[in-house]
1. Within the range 201-214, work out how many residues are part of a loop (DSSP other than H, G, I, E, B) and more than 20 Å from ASN111 (Cα to Cα).
2. Inspect the range 90-111 for any residue being in contact with a strand residue (DSSP E or B) (Cβ under 9 Å, 6 or more places away or on another chain) and within 23 Å of SER139 (Cα to Cα) and give the result as yes or no.
3. Can you tell me which residue among ASN158, ASN144 is modelled with pLDDT under 95 and either assigned to a loop (DSSP other than H, G, I, E, B) or over 17 Å from the mean Cα position of the chain (by Cα) (or both)?
4. Among the residues of the range 35-81, write down those that are in contact with a helix residue (DSSP H, G or I) (Cβ under 7 Å, 6 or more places away or on another chain), within 20 Å of LEU91 (Cα to Cα) and among the β-branched types (Val, Ile, Thr).
5. May I ask you to say which residue of GLU122, GLU57 is acidic (Asp, Glu) and under 26 Å from CYS146 (Cβ atoms)?
6. Tell me which residues, restricted to the range 121-170, are among the basic types (Lys, Arg) and more than 20 Å from VAL76 (Cα to Cα).
7. I'd like to know if the range 69-86 contains one or more residues that are within 24 Å of ARG224 (Cα to Cα), among the hydroxyl-bearing types (Ser, Thr, Tyr), within 13 Å of the ligand (Cβ to nearest atom) and surrounded by 14 or more Cβ atoms within 10 Å (Cβ to Cβ).
8. Just the residues that are exposed (fewer than 15 other Cβ atoms within 10 Å of the Cβ), free of Cβ contacts under 8 Å to residues at least 24 places away in the same chain and charged (D, E, K, R), please, taken from the range 5-51.
Amino acid sequence: MQTDINLIHQDCVLGMRDMPAASVDLVVTSPPYNLGIDYRKYKDQVDRKAFIQWCLEWAIELKRVLAEDGSFFLNVGAVPKNPLLPHQLLLALTEAAQDGEESAPHFILQNTFHWVKSISIETTEGQAVSAGHFKPINSPRYVNDCHEYVFHLTKTGNVPLERRAAGVPYAHKSNIKRWGHNGGEDKRCRGNTWFIPYDTIHSRNKERPHPATFPVKLVEQCIRIHGKSQQTRLLDPFNGIGTSAIAAKRMGISSYTGFDIDEHYLEVAKERIHQLVDSPEQPT
Ligand SMILES: C[S@@+](CC[C@H](N)C(=O)[O-])C[C@H]1O[C@@H](n2cnc3c(N)ncnc32)[C@H](O)[C@@H]1O
């Protein structure tokens, strides 16, 4: 299916206000985290209260445009000096309206995923194996930070998922027969730890000209697990350089809408999508 892609140069709060209610099935997004990241236009360091208040503003619009059985996958990271931010944001998004507040998004947290960017394991043969990329932290008190959260928020807490669409083969094949819920297929639910490394790049400016992107595969996993297949209408209110758009196109879903206040990032997004049409197998 040809994906209908709309990249819109506008503040997402205003942009979503123009969208009809319940007009998207899925939101996958990574808003600015208020951690002082050097975006070109957006100032990523404001008073914490003002930041949470702004998040509530866009989340209220987001909830309105999301279908009743829709899923909202919210990617948020932290820095060691500011470890509570993802949790404070999550609490604000899931709380009912307080006295004096007109409304609140009041989402239900249905699942919590850990996007693991890098991992080191010891094999059963005792060999240490490391995979993925991370930014080393040089500190006597903090360890390297190798993961981010992806909170799965819904309106009811009761949205059925295609758990095995993003599944993995059983390690022990005897479990295929043992567990009835797999329908006899060699695939089990992957669980909530997702190892999705960034692609190795040689020139940041050329290959990833944005300070805070997520990988295409992260969005693809969300599209699969939400399970509305080709009919899915995806929204990313914080488009950046269009990673969600690329996932939408690669998976051939129905439509994608993305907003960004920075025209330059939207231009890069267009170019990335164009390159994908020419060469769908290239690394993203
Ligand atoms: C964390 S980045 C998203 C990156 C994206 N996930 C990607 O992989 O390219 C957040 C983006 O939000 C944009 N932004 C900030 N405020 C915005 C607003 N009010 N409306 C729309 N976009 C906004 C910034 O310009 C930035 O590109």
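The values are calculated or read from the model by the stated rules, or taken from the named source; none is laboratory data. Computed from a predicted structure; not experimentally measured. In this analysis, Cβ positions are derived from the backbone assuming ideal geometry, glycine residues included, and neighbour counts consider all displayed protein chains.
1. Here is the first cut: in the range 201-214, the residues part of a loop (DSSP other than H, G, I, E, B) are 201-203, 208-214.
Retained after the next criterion (residues that are more than 20 Å from ASN111 (Cα to Cα)): 201-203, 208-213.
Number satisfying all stated conditions: 9.
2. Our first condition is that a residue be in contact with a strand residue (DSSP E or B) (Cβ under 9 Å, 6 or more places away or on another chain); within the range 90-111, this holds for 90, 93-94, 105, 107-111.
Okay, now just the ones that are also within 23 Å of SER139 (Cα to Cα), so none.
Among the residues of the range 90-111, not one is in contact with a strand residue (DSSP E or B) (Cβ under 9 Å, 6 or more places away or on another chain) and within 23 Å of SER139 (Cα to Cα), which makes the answer no.
3. Numbers: ASN158 fails: modelled with pLDDT under 95.
Answer to the selection: ASN144.
4. ILE52, VAL76
5. GLU122
6. ARG141, ARG163, ARG164
7. Scanning the range 69-86, I find no residue that is within 24 Å of ARG224 (Cα to Cα), among the hydroxyl-bearing types (Ser, Thr, Tyr), within 13 Å of the ligand (Cβ to nearest atom) and surrounded by 14 or more Cβ atoms within 10 Å (Cβ to Cβ), so the answer is no.
8. Listed by number, the residues that qualify are ASP18, LYS43, ASP47, LYS49.
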